[in-house]
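The values are calculated or read from the model by the stated rules, or taken from the named source; none is laboratory data. Just so it is clear, the structure is predicted and the values come from calculations on it, not from any experiment. So basically every Cβ, Gly included, is an ideal-geometry build from the backbone, and we count neighbours across all protein chains shown.
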Amino acid sequence: MPAGPIESGYVAHQLQAGVYDSIPSLQPGGDTTPLEGWMSSDAGRAWARAALRRGVSRAASAGNEGVLAGLKKHSWEDAHLTQRAEIGRVLAHLPERAEALLRLREGPSESVLSGPDSEVEKAGEDKKDENGDEEDKGEADDTEERFSGLPPDFGYDDALVLAAARWFKHEYFRWADPIACACGGATAYAGPGEPSADDRAGGAARVELHRCAACGATTRFPRYNTVRALMRARVGRCGEFAQLFYVFLLALGLEARYVWNSEDHMWAEYWSPALQHWVHVDACEAEVNKPLLYDRGWGKMQAYCLAFGVAGAEDVTRAYVDDWGACLRRRQDKWRQGTGWGERRLAWLLLTHTVQCRGLLEDEERLRLQSMDEAQARWVADAAGREREAAAGGLKGRESGTEEWKEARGETGK
Ligand SMILES: [Zn+2]
């Protein structure tokens, strides 16, 4: 344990020099908070203001720095959109679903699992069966799965996220592939198209073209990037799922952030007051708290999993991989090839971003965030505890996407 608080000038100097690892609060389990003192000082606030201005005015640069710039920008811009009333209307029914999930956990009697006026029906209220048994059976199975999937220490927020993720995947948003032609024929990717003014207004700088084998017509798939456009289109792949779901979590009043993975996946995290750590949630899969889904379930060789939110950024990779040593070697390879970051460089970039985000907050709020950081660090450092959580959750292969697409990405879990 370091001896006493470190002077703010020292910390500022270390930050500017990029010598982050001698700052105690960056080390897992560190119990001092030198950054807090510095961020509360006039010098700290002035530095944060100047850094924020620089961050805002700087155009996205190429490569790795550009990736980070884009992630920072998104977490801010999307977070500010949560005030929109239209999002609130979309999400209005979710709290009752979370309540239903919690009631189910208290004990599934025979009537709850099969009766017509049971909690089961309320939990899946929108999908009333019109054709009899087939649908009925699906609902009951789904509910049994919902019930058995709730760990004993799940709280209301956790139930709310689980209900939201299942609603998002099964009712609200649609997985883009396979992209069918209007004639019903199968399509194949035919290269990029030119974005229209409408596409650009929706943040789509890229448009995919998919040509029909049967009639030759071309179907456009704009990759929208704004919350409003995504709410209109309600279709996408993991990037669109994660971006919009992150905003919905914020709109539900939860503390949330989204996670960018260098092996081409994205998901979200929310802060669980019951579990006292940031919790994985993947809306593509409707899975909550299964951070090893990608490593063990899909067999993905991940290098970087970086979380971005309004209160800063964190390298959360360690929680998402089984073998941290092997992961560090993959990162070193990437860094040598110019597709990764040096470990010090990355930690410095994430730290400075976090300091920028928090520099202008009230002291009380910053201290609250700091205590969350500390609880999170304890959870990350506790490999055995994370293992127990993973064991309780169970794992399976990827659900979203076609077989060929999963095969191409090496994500079939085989
Ligand atoms: Zn066609």
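Condition first: in contact with an Asp or Glu (Cβ under 6 Å, 6 or more places away or on another chain) and crowded, with 22+ Cβ neighbours inside 10 Å. Now tell me which residues in region 260-271 satisfy that. Before the answer, list the steps.
Restricting attention to region 260-271, the residues satisfying the condition of being in contact with an Asp or Glu (Cβ under 6 Å, 6 or more places away or on another chain) are 267, 271.
Residue satisfying the conditions is W267 alone.
Only one entry of G185, G193 meets the criterion of being within 16 Å of the ligand (Cβ to nearest atom) and surrounded by 13 or more Cβ atoms within 10 Å (Cβ to Cβ), and that entry is G185.
Taking each residue of region 180-205 that is assigned to a helix (DSSP H, G or I) and looking for partners that are more than 16 Å from the ligand (Cβ to nearest atom) with beta-carbon atoms closer than 6 Å, six or more apart or interchain, yields D199/V207; D199/P222.
Taking the stated definitions as given, is C212 more than 25 Å from E285 (Cβ to Cβ) and either touching a Cys at 6+ places or on another chain (Cβ under 6 Å) or within 16 Å of the ligand (Cβ to nearest atom) (or both)? Against the criterion (more than 25 Å from E285 (Cβ to Cβ) and either touching a Cys at 6+ places or on another chain (Cβ under 6 Å) or within 16 Å of the ligand (Cβ to nearest atom) (or both)), C212 qualifies. Among the residues making up region 285-334, those that are out of contact with any Cys (no Cβ under 8 Å at 6 or more places or on another chain), assigned to a loop (DSSP other than H, G, I, E, B) and closer than 15 Å to W271 by Cα are N289, K290, P291.
Of all residues in region 220-235, those that are within 16 Å of the ligand (Cβ to nearest atom) and surrounded by 17 or more Cβ atoms within 10 Å (Cβ to Cβ) total 1. Can you tell me which residue within region 172-182, out of those that are loosely packed, with under 15 Cβ neighbours inside 10 Å and farther than 21 Å from N225 by Cα, is nearest to the ligand (Cβ to nearest atom)? Within region 172-182, the match that is nearest to the ligand (Cβ to nearest atom) is A182.
Yes or no, residue by residue, for (1) of a type in the set (D, E, K, R); (2) more than 19 Å from G385 (Cα to Cα); (3) surrounded by fewer than 22 Cβ atoms within 10 Å (Cβ to Cβ):
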| site | (1), (2), (3) |
| --- | --- |
| H280 | no, no, no |
| L292 | no, no, yes |
| G299 | no, yes, yes |
| Q332 | no, yes, yes |
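Just one of (1) modelled with pLDDT under 85; (2) surrounded by 13 or more Cβ atoms within 10 Å (Cβ to Cβ); (3) closer than 19 Å to W278 by Cα fails for E411. It is (3). A search for C-beta distances below 6 Å between a residue of region 379-390 that is within 12 Å of P291 (Cβ to Cβ) and any residue that is in a helix (DSSP H, G or I) and among the aliphatic types (A, V, I, L, M), counting only pairs 6+ apart in sequence or on different chains, returns V380/A319. For first residues located in region 206-217 and assigned to a strand (DSSP E or B), partners that are within 7 Å of the ligand (Cβ to nearest atom) and lie 6+ apart or on another chain with Cβ distances below 8 Å form the pairs H210/C181; R211/A217; C212/C181; C212/C183; C212/G185.
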